[in-house]
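Heads up: the structure comes next, in C-alpha cells.
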Amino acid sequence: MKSFHLIRRSDVTLKQKVLLYILGIVISFVIGGIFLASLGINPIIYYRDMITIGLIGNRYPAKCVEGFLKLFVPLIITSVALSLSFKMRFWNIGGEGEFITGAIFAALVAFKLGPVLPTTAVIPLMGIAAALAAGVIGFITAHLKVKFNTNETLVTLMVNYIMLYVIKYIGETKAEWNFFLRDDSERPVFAKFPESAMMPGIKIGDFTLLASVIIAILITVGVYYYIKTTKHGFEVSVVGDSTNTAKYAGMSVYKITVRTIFISAALIGLAGAFTAASSGTISTDITNNVGWTGVIVAWLSKLSTPAIALVSVLISVLQYGCQVASASYPSIDHNFADLMQGIFLFSILAADFFGNFKIVKTGGKNDA
Amino acid sequence: MMLDVITLFIFNIVIYSIPLLYATCGEIVIEKSGSLNLGVEGTMAIGAVFGFLAGCSANSLPVALLVSFITAALVGAIFSLFTITLQANQNVTGLTITTIGVAVYFFVGNALGKDWPYLPDADKFVQQSSAIEIPGLSQIPLVGKAFFSHNILVYLAVVIAILLWLYFEKTSVGLKLRAIGENPGAADSLGVHIVKYKYLHIMLGSGIMGIGGLYMGLNLGGTFEGSNCWINGYGWIAIALVIFANWSTSKAIFGTFVFGFFNTLRIYNAPLAATFPNALGWLSKIPAQFFSALPFIVTLIVLIVSSMRKSKNSNCPTAIGLNYYREDR
C-alpha cells in the first residue's frame with residue numbers, strides 16, 4: 001500500500017511563492033465566478049463593477065472614495081492591532097468586543113463633553129477614553145493568560161458577545177438615564193453626536209479627507225517601526241517564538257504580554273472611536289464584522305505590516321465594491337464579499353502549504 | 001392557567017436547548033480529537049439551508065436529515081483538510097468556515113429569492129417533523145407535555161448525546177480518540193492512526209452540528225428573511241457550552257437545558273411576571289439583553305475560575321488547538 005507523507009521544505013524561492021499566491025488569488029476568482037455564473041451573472045462584468053467600486057460613470061466619485069475609506073480605516077487599524085497579538089501567538093479574537101467598547105466610550109465622551117468643549121479637545125478625549133477602555137479588556141485577558149493560563153481565544157470570544165449585548169442594551173432601552181438615545185423619538189434610536197464630536201477633515205473639492213484616515217496610516221507606519229526597530233518589538237517576537245527562550249533571556253513575559261495586548265486592544269478601541277466620530281453616531285452593528293475580517297486580513301498578510309496595508313485596501317475594495325454592485329444585482333448582497341474573503345483565505349492557506357511542505361510518496365505501509 | 005404557563009415554559013426551554021445540544025455534542029466530538037473548531041456557526045448554517053431545501057424538494061424528513069448531515073460533514077472535511085493535512089491555524093480556519101458558511105447561506109437564500117420553498121407545500125416533510133406524543137410519558141401532569149410531545153429531532157438529539165457519552169467512556173475507539181486530544185504524540189506511538197481519527201471525528205461532529213442547524217431552520221418555519229441567519233449566534237453559544245459542560249456530552253444535556261432556560265426567560269419574562277406577580281414580578285425589570293448575554297457571562301466565569309483553581313476536574317483536552325505534525329514531535 002502506497003501512502004504519502006509530508007516533509008518541510010525551504011527550497012522555495014520568493015518568486016515561486018509569489019507565483020503560488022497569484023495562482024491562489026486567480027483560483028479564488030474562478031471559484032467566485034462559478035458562484036456568480038450559477039446565478040446567470042457574467043462574472044467578468046460583475047468583477048469589473050466590483051473592483052471599480054462604482055467610480056466609472058459616477059457623477060460623484062468623491063462619495064465613492066469616502067465610502068471606501070469608511071471601511072478601510074477601521075479595517076487597517078484592527079488588522080494591524082491584531083497582528084501585534086498574533087505575532088506573540090496570543091489569539092486575541094476579541095476585535096469585535098474591543099471595537100464596541102471603544103465606540104461606547106467614545107460616544108460617552110461625545111455626549112457628555114461634546115456640548116461643552118471644542119473639537120480639538122473632544123476628539124482626542126474620545127480616542128483616549130476608547131483606547132483606555134478597550135485596553136483594559138486586553139490587559140485583563142493578558143493577565144489571566146499569563147497568570148492562570150486561561151484560554152485567551154475563548155475569553156475574548158465571550159467578551160465579544162457580552163459587549164454586543166451591552167451595546168444592544170444601550171441602544172434598545174428607553175430610560176431617563178440613557179443619554180445615548182434621542183429624546184424626541186418614541187422608539188429607541190441612537191442620538192447624533194454634537195458637532196464638536198465629529199471627525200474633522202480637510203475639504204479637497206467635493207472630497208473630504210477625514211483626519212482618521214491620516215491617523216490610521218500613521219498608526220500603521222508606527223506599528224511597522226515598533227515591530228521592526230524597537231526593543232519592545234523584538235521582545236514580542238521572542239515571546240512569540242518561545243516563552244521559555246524569553247524567560248532564559250531575562251525578559252519578563254508577563255510585562256511584555258500585558259503591554260502588547262494592551263496596545264493591541266487599545267488600538268482596536270481607537271478604531272471604534274474613529275468609526276463613531278466619522279459617522280457621528282453609534283449603532284448596534286457598528287463593527288461591520290471588522291473584528292473577524294481583521295483576523296482574516298492579518299492572516300492573509302502573514303502578519304507583515306506592509307502586506308496588511310495592501311490587503312486592507314483590497315478587502316475594503318471588495319467589500320465596498322460588493323455593496324455598490326448589490327444595487328445593480330439584486331440577487332447578490334454584500335455577503336458575497338464575505339464569501340470571497342473566505343475563499344481568498346483558503347487559497348492563500350493552501351498556497352502557504354505548498355510553499356512550506358512537500359508531499360512525498362513513501363513505500364510500504366509500515367514506514368508511513 | 002398557572003400550570004399551563006409552567007408547562008409551556010418548560011416546553012420552550014426544550015425547543016431552545018435542542019439545537020444547542022446538537023451543536024455542543026458536535027463540538028465536543030471535535031474538541032476531544034484535539035481540534036478547536038470555531039466554525040460551528042457556519043457549519044450549522046450550511047447544514048440548515050441545504051438540509052431544508054433538500055427536505056422540501058424531496059418532501060421527506062429523512063432526506064433532509066441526511067443532506068444536512070452530509071453537507072455539514074463536508075464542511076468538517078474542509079476544516080480537516082486545512083488544519084490536519086495543510087497544517088493551517090485552527091482559529092483562523094474555523095473563523096473562515098463561519099464566514100463562508102454564513103455567506104453561502106445568504107447567497108443561496110438571496111439567489112432563490114421568491115423561489116424559496118414554502119414549507120406547508122411539502123406536506124410529508126411537515127408531517128414527519130411534527131410533534132410526536134410519547135404514549136404514557138406525555139400524560140404525566142405538568143412536565144409530560146413539556147418533555148414528551150416534541151418532534152423526532154428532539155428525541156434524536158438526546159439519543160445522540162447519550163450514545164456519544166457511551167462512545168467516549170466505554171469503547172476503546174473513544175478512548176483512543178481522547179488520547180489523541182490529550183497527547184497526539186503518545187497516541188501516534190501506540191499506533192493510533194491520528195489523521196484518520198481526526199478526519200472522521202471532525203466530520204462526524206460537524207455533521208451533528210448540521211442537524212442542529214436543520215432543527216433551527218424548521219423551528220423558524222423555514223422561511224428565509226434575508227437579513228438574519230437562522231443560526232443567529234447559537235454556534236458561538238455552543239462553543240461556550242462545551243466549556244460549561246466540561247467536555248461531556250451527558251453534562252451537555254443538562255448544560256443546554258440551563259442555557260435554554262436563560263433564553264426562554266428572555267422571551268417569557270413578561271408573561272411569567274404577569275402570572276406570578278408576587279413571586280416573579282422582579283423578572284420584568286431585568287433587561288432581555290442580560291438574558292441573551294448570560295450564557296457568555298456564565299461561561300466566562302467558568303473559564304476564569306477553573307483556570308485559577310488549576311482545576312484537576314477539567315476535562316479540557318490538553319492538546320486542543322495545536323496542530324500535530326509528526327516530525328515536530
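Where a number appears in this text, it was derived from the coordinates with a stated rule and is not lab data. Quick caveat: nothing in here was measured; it's all calculated off a predicted structure. Heads up, the Cβs are rebuilt from the backbone with ideal geometry, glycines too, and the neighbour counts pull from every protein chain shown.
Over the residues of chain B, the helix contribution to mean residue ellipticity at 222 nm works out to -23000 deg cm²/dmol, using -39500 (n - 2.57) for each DSSP H run of at least 4. The mean count of C-beta atoms from other chains within 10 Å of the C-beta of residues in A:165-171, rounded to a whole number, is 4. Overall, the anisotropy analysis places the protein assembly as shown in the rounded class: the square-rooted eigenvalues a ≥ b ≥ c of its C-alpha gyration tensor yield a/c less than 1.5. Against chain A, whose longest principal axis is taken from its Cα atoms, helix A:211-229 shows a tilt of about 40°. Taking every residue in B:304-310 and counting other chain Cβ atoms within 10 Å of its Cβ, the average works out to 4.
Normalised by 2.2 N^0.38 Å, where N counts its residues, the alpha-carbon radius of gyration of region B:235-318 equals 1.28.
Largest first, the three principal axis extents of the alpha carbons in chain B are 66, 51, 39 Å in whole numbers. Restriction of the GluC sites (Glu not before Pro) in region A:168-211 to DSSP coil positions whose beta-carbon has at most 10 other beta-carbons within 10 angstrom yields A:E176, A:E186. Candidate cross-link partners of A:K174 among the lysines, defined by an alpha-carbon separation under 21 Å and a same-chain spacing of 8 or more, comprise A:K112, A:K192, B:K285. First check a/c for region A:29-141, with a ≥ b ≥ c the square roots of the eigenvalues of its C-alpha gyration tensor; if it is under 1.5, answer rounded, and if not, answer prolate when a/b is larger than b/c or oblate otherwise. In terms of gyration-tensor shape, oblate. As a rough guide to protection, the peptides A:232-238, B:36-42, B:283-289 ranked by mean Cβ packing within 10 Å, highest first, stand as B:36-42, A:232-238, B:283-289.
Each peptide among A:243-256, A:346-359 gets the average number of other Cβ atoms lying within 10 Å of its residues, and from highest to lowest they stand as A:346-359, A:243-256. To the nearest ten degrees, helix B:61-80 and the longest principal axis of the Cα atoms of chain B are 40 degrees apart.
In terms of surrounding Cβ atoms within a 10 Å radius of their Cβ, B:T71, B:T24 rank from fewest to most as B:T71, B:T24. Assuming a ≥ b ≥ c are the square roots of the Cα gyration tensor eigenvalues, decide whether chain A counts as rounded (a/c under 1.5), prolate (otherwise, with a/b larger than b/c) or oblate. Note, shape of chain A comes out oblate.
Among the residues of B:72-85, the average count of other protein chain beta-carbon atoms within 10 Å of the residue beta-carbon is 1.
Expressed as an acute angle from 0 to 90° and rounded to the nearest 10, what is the orientation of the C-alpha long axis of helix A:152-172 relative to the principal long axis of chain A? Taking Cα atoms only, the helix is inclined about 30 degrees. Charged side chains reduced to their Cβ positions (Lys and Arg at +1, Asp and Glu at -1) give chain A a dipole of some 1320 debye around its Cα centre.
In chain A, the calculated helix contribution to ellipticity at 222 nm averages -23000 deg cm²/dmol per residue, counting -39,500 (n - 2.57) for every DSSP H run with n ≥ 4. A cut-off under 12 angstrom between Cβ atoms defines the neighbours of B:N110, and their net charge, with Lys, Arg +1 and Asp, Glu -1, is -2. Candidate cross-link partners of A:K15 among the aspartates and glutamates, defined by an alpha-carbon separation under 18 Å and a same-chain spacing of 8 or more, comprise A:D352. Straight-line reach from B:K32: taking Cα to Cα under 28 Å and skipping same-chain neighbours fewer than 8 places apart, the lysines in range are A:K87, A:K145, A:K147, A:K365, B:K170, B:K176, B:K196, B:K198, B:K251, B:K310, B:K312. Inter-part distance, region B:1-68 to region B:201-221, computed on C-alpha centroids, equals 4 Å.
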